[in-house]
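Quick notes on the structure that follows.
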Amino acid sequence: QVQVVESGGGLVQAGGSLRLSCAASGRTFSNDAMGWFRQAPGKEREFVAAISRGGGSQYYADSVKGRFTIPRDNAKNTVDLQMSSLTPEDTDVYYCGADPAFQSIVVVTPRYWGQGTQVNVSS
């Protein structure tokens, strides 16, 4: 059974930083591209960041480029989202996803989803 579990959400002030973590199990982690997504109430889930199986390729949404990074550790089966210079517009539920195809991450259709973790940025 595949499990994808996010952690690390919480409340942070604008301008601050927060690190989310995603742990995946039930599959060979290094066989999957990984990604982070976010969703506000009443809005579609949107792509945030993707990283290839080996970590050599990363891709970011324009809205987070230069502020967020997506490191992964294949030895620990984890992928993080390091967020900095946060603004209230970054307030969302953040989801982690896994898929063998990098493109599936970018177009927000990963095969496996986590349950999400709430991030709130106060002004």
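Got at least one residue in region 102-111 being in a loop (DSSP other than H, G, I, E, B), within 12 Å of residue 4 (Cβ to Cβ) and out of contact with any Pro (no Cβ under 9 Å at 6 or more places or on another chain)?
There is at least one residue in region 102-111 that is in a loop (DSSP other than H, G, I, E, B), within 12 Å of residue 4 (Cβ to Cβ) and out of contact with any Pro (no Cβ under 9 Å at 6 or more places or on another chain).
Taking the conditions exactly as written (farther than 20 Å from residue 7 by Cβ and under 11 Å from the mean Cα position of the chain (by Cα)), does residue 37 satisfy them or not? No, not satisfied. Set side by side, the residues 35, 54 differ, and just one is of a type outside the set (Phe, Trp, Tyr) and surrounded by fewer than 19 Cβ atoms within 10 Å (Cβ to Cβ), which is 54. Among the numbered conditions (1) touching an Asp or Glu at 6+ places or on another chain (Cβ under 9 Å); (2) over 15 Å from residue 120 (Cα atoms); (3) not hydrophobic (A, V, I, L, M, F, W, C); (4) not in a loop (DSSP other than H, G, I, E, B), the only one that residue 38 does not meet is (2).
Only one entry of 21, 52 meets the criterion of being more than 18 Å from residue 92 (Cα to Cα) and not acidic (Asp, Glu), and that entry is 52.
Identify all residues within region 82-103 that are open to solvent by less than 30 Å² (accessible area, probe 1.4 Å) and over 14 Å from the mean Cα position of the chain (by Cα); write none if there are none.
Passing the criteria: only 86.
In this structure, residue 104 qualifies as out of contact with any Lys or Arg (no Cβ under 6 Å at 6 or more places or on another chain) and among the hydroxyl-bearing types (Ser, Thr, Tyr).
Can you pull out every residue in region 79-88 that is in contact with a strand residue (DSSP E or B) (Cβ under 8 Å, 6 or more places away or on another chain) and either among the small types (Gly, Ala, Ser) or outside any loop (DSSP other than H, G, I, E, B) (or both)?
79, 80, 81, 82, 83, 84, 88
Looking at region 13-28, can you tell me whether even one residue there is part of a strand (DSSP E or B), modelled with pLDDT of 95 or more, of a type in the set (Lys, Arg) and open to solvent by 50 Å² or more (accessible area, probe 1.4 Å)? Among the residues of region 13-28, at least one is part of a strand (DSSP E or B), modelled with pLDDT of 95 or more, of a type in the set (Lys, Arg) and open to solvent by 50 Å² or more (accessible area, probe 1.4 Å), which makes the answer yes. In a residue-by-residue description of region 105-116, the property of being open to solvent by less than 10 Å² (accessible area, probe 1.4 Å) and aromatic (Phe, Trp, Tyr) applies to no position.
Applying the condition of being outside any strand (DSSP E or B) and at pLDDT 95 or above to region 1-12 and asking which residue is nearest to residue 118 (Cα to Cα) yields 9. Checking each residue in region 58-81 for being more than 16 Å from residue 108 (Cα to Cα) and open to solvent by 60 Å² or more (accessible area, probe 1.4 Å) picks out 65, 66, 69, 75, 76.
The values are calculated or read from the model by the stated rules, or taken from the named source; none is laboratory data. Note that the structure is a prediction, hence the values are computed from the model and not measured. When we count neighbours, we look across all protein chains shown, and the Cβ atoms used for this are built from the backbone with ideal geometry, even at glycine. When the accessible area is computed, the model is the full protein with side chains, heavy atoms only, and any ligands, DNA or RNA have been set aside. Shrake-Rupley method; radii C 1.70, N 1.55, O 1.52, S 1.80 Å.
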